[in-house]
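The values are calculated or read from the model by the stated rules, or taken from the named source; none is laboratory data. None of the values given here were measured: they were computed from a predicted structure. All Cβ positions, glycine included, derive from the backbone under ideal geometry; neighbour counts span all protein chains shown.
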Amino acid sequence: MCYQLQKPILRSKTAYILVLRKGPSYPSSSLFDQEQTFAYIFVYILRSCILNKKTLILIDEDYLKQHFVNFLKFIFEYSFQIDVNIEKSENYKQNKKQFKNYVVFDLDGIVLHDNDKLLSQKGMKIEKMIIQKFLSEIEPKTSLIVVRNEIQKAFELSKSLSNRIEGYKKNNVVDKVDLKNLFENLIEGQNIKISLSYTKFLIEIVENYFKTEIPMVWKFFLYRV
């Protein structure tokens, strides 16, 4: 079953965390364990979506599905167009070929299919930082707005970067671009400190979501640091 992301419904952050382990299947799980599991799932969702990958989440409990739909509607409202499907585990087992191009994981944070190894722990530093901001915010509605803003900021910065790269290519000045000045100008007016990790994060989005090829000379500089 594929869920279309429509107008968001704001929910409690605590509800999103607790609902992952609420019910007879998990009678003794602690809040800490619930938050840890939620964090893994959230990181997986965020990374696969911003890199423009089809995503399949395996959820057997019907009552959990709408919670996830509402959550995704809200956090991606002003940014990335995402392709997220929700299926029961048994349906996936019977129709695996149908999802061979998907990133697939379940509510235990177990990755069942990830051909491109997108969900490697080494490559998710910024995604983890965004999720940590969400979990550390006490007020539920504020936490949702915080994470939505972080996602929107990444979207707008990477979109702007993509447009600039295309402009440099058109004018044949790619080799003359000062990367330091480029990224300083890119974040002007934004309340962020540009780091190498965040720069690489934006580059990944530019390449995978906006399908803009990064000049090789830039990659040589950025990835040797």
Original post:
Considering only residues of region 180-210 that are modelled with pLDDT of 95 or more and outside any helix (DSSP H, G or I), which is surrounded by the most Cβ atoms within 10 Å (Cβ to Cβ)?
Top reply: Y209
**OP:** Please specify each residue of region 115-124 satisfying the condition of being surrounded by 14 or more Cβ atoms within 10 Å (Cβ to Cβ) and assigned to a helix (DSSP H, G or I).
**Re:** G123
**OP:** Please state which of the following conditions D108 fails to meet, knowing it meets all the rest: (1) in contact (Cβ under 8 Å) with a residue 24 or more places away in the chain; (2) surrounded by 15 or more Cβ atoms within 10 Å (Cβ to Cβ); (3) not hydrophobic (A, V, I, L, M, F, W, C).
**Re:** (2)
Subject >> Residue that is surrounded by the most Cβ atoms within 10 Å (Cβ to Cβ) [pool: residues in region 125-174 that are within 16 Å of I205 (Cα to Cα) and among the polar types (S, T, N, Q)] >> reply: S158
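Conditions tested, residue by residue: (1) farther than 15 Å from S48 by Cβ; (2) touching a Phe, Trp or Tyr at 6+ places or on another chain (Cβ under 6 Å).
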{"residue": "D106", "(1), (2)": "no, no"}
{"residue": "G109", "(1), (2)": "no, yes"}
{"residue": "K117", "(1), (2)": "no, no"}
{"residue": "E137", "(1), (2)": "yes, no"}
{"residue": "I145", "(1), (2)": "yes, no"}
{"residue": "E150", "(1), (2)": "yes, no"}
**OP:** Output the number of the condition that E127 fails; it satisfies all remaining conditions of (1) of a type outside the set (A, V, I, L, M); (2) touching a Lys or Arg at 6+ places or on another chain (Cβ under 7 Å); (3) more than 22 Å from G109 (Cα to Cα).
**Re:** (3)
